[in-house]
Each structure stands twice: as structure tokens, then as C-alpha cells.
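**Q** Structure incoming, see below.
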Amino acid sequence: MDHPTRTTLPGIGTRYDLITDGGKHVSVVVHTDGRRFLGFHDPEDDDSCLGSVPLDPAEASALGQLLIPAPIEPLRGDIEIDLVTEQIPITSRSPYSGRTLGDTQARSRTGASIVAILRRTGAIPSPAPDFRFATGDTIVVVGTREGVDAVAELITGG
């Protein structure tokens, strides 16, 4: 599976396209007013939409939550690694409000991963390094307790 592609739709919003490993083409069109449409395309004709599902912001958020993998249980064996998931808000005091995910260098600095962004208009799973944070966003972080705490300190400026 390739990473989603992003296409600006002037006067409409943004279209995100994903082609699965199984060859299915799925897109999400995010309108400038916050509405979202989930679309399914003919693999033989990218411009031919086989069907679409309109989603209001609450429905998009609920669907996003369903698509985020369940929390990881601690690994057992010779070693034990406990992973935690935490949600960290982006406030107006955050040094990263208005900046990109890549600017944080969170993974290389802390070992923890930012796996999703929760925004008023819905969830953004697996954000790309060029994803720009906004005040009011909530980031979803997975890692060790120490790594997640380090991301929280980084994001809040504490």
C-alpha cells in the first residue's frame, strides 16, 4: 500500500486517495465546510466513482476511531515492553501549533510515534511529515511511557 496522495480541489476542498495492496481505490474528499465524502473508484477508470458515502463531522470522527488499530497489548517473552497510547492537545501555547509534524522530529527524539490527529472535523490517521498542526488538534501518540511523556513535553512546550 502506498501512502495516500493529496489533491487540491479548487473551490471544493481536498481529495485524499489510497490504493490498497488489494488494488482497491478509496478516496476521501474533505470539503472546505468540513463535510467529508468517502468514495470508491473503478480500478480501470480513476475518474469513475462507483459509489460514495457522505459523512458529517461526527460520523467521520467515529469512522476514524474505528480505523485506528486497537491498543497494543504488552509483548511477552524474554523481555516485556509496555506500550501506551495517549492523546495530547495542541494548544495556542504549543511551540508546534501551525508547524508540521516533521518539525517535531518526535519519533527520532523520543522513540514514540504520532499515529493520528483528531481534529474537530474528523480523524487523520497516519499523518505525513508535512501535516500541519492547528490549535485545537489532539495528537494520538503510541510508545513507551517515557517516550509518550517526552512527546507530551515536546508538544506542550513544558
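**Q** Given a Förster radius of 41 Å and the C-beta distance between Glu153 and Leu9 as r, what FRET efficiency does 1/(1 + (r/R0)^6) yield to the nearest 0.05?
**A** Values: r = 38 Å, r/R0 = 0.93.
After rounding to 0.05, the efficiency reads 0.60.
**Q** Let me ask something additional. Just to be sure I understand the model, the point goes 7 Å from the Cα along the line to the Cβ. What's the resulting Phe40 to Asp21 distance in nm?
**A** Simple spin-label model gives 2.1 nm for this pair.
**Q** Using a basic spin-label model with each label point 7 Å from the Cα along Cα→Cβ, how many nm lie between Leu63 and Arg99?
**A** 3.3
**Q** Looking at (i) 48, 34, 27; (ii) 49, 42, 25; (iii) 41, 38, 30, which value of Cα extents along the principal axes in Å comes from a calculation on the structure shown?
**A** Correct label is (ii).
**Q** Hey, another quick one. Rounded to the nearest 0.05, what FRET efficiency do Val53 and Arg132 give with R0 = 22 Å and r taken as the Cβ-Cβ distance? Could you check? Don't skip to the end; give the middle numbers.
**A** On the way: r = 27 Å, r/R0 = 1.21.
So, using R0 = 22 Å, E works out to roughly 0.25.
**Q** Now, a different point. Just to confirm the number: angle between the C-alpha axis of helix 145-156 and the first principal axis of the chain, 0 to 90 degrees, nearest 10?
**A** Between the helix axis and the principal axis of the chain, the angle is about 70 degrees.
**Q** If you place +1 on the Cβ of every Lys and Arg, -1 on the Cβ of every Asp and Glu, and leave all else neutral, what size is the dipole of the chain about its Cα centre, to the nearest 20 Debye? Working shown, then result.
**A** Numbers: 14 positive and 22 negative charges, 132 e Å.
I would put it at about 640 debye.
**Q** Compute the long axis of helix 57-67 from its Cα atoms, compare it with the longest principal axis of the Cα atoms of the chain, and write down the angle in degrees, 0 to 90, nearest 10.
**A** For 57-67 against the chain, the angle is about 60 degrees.
**Q** How do the peptides 134-143, 16-25, 119-128 rank, highest first, by the average count of neighbouring beta carbon atoms within 10 Å per residue?
**A** Values: 134-143: 18.6, 16-25: 12.5, 119-128: 16.8.
Per-residue Cβ counts within 10 Å, averaged per peptide and sorted highest first, yield 134-143, 119-128, 16-25.
Each reported figure results from applying straightforward, stated rules to the coordinates on display, with no laboratory input. Computed from a predicted model, the values in this text were never measured in an experiment. Positions of Cβ are backbone-derived with ideal geometry, glycine not excepted, and every protein chain shown enters the neighbour counts.
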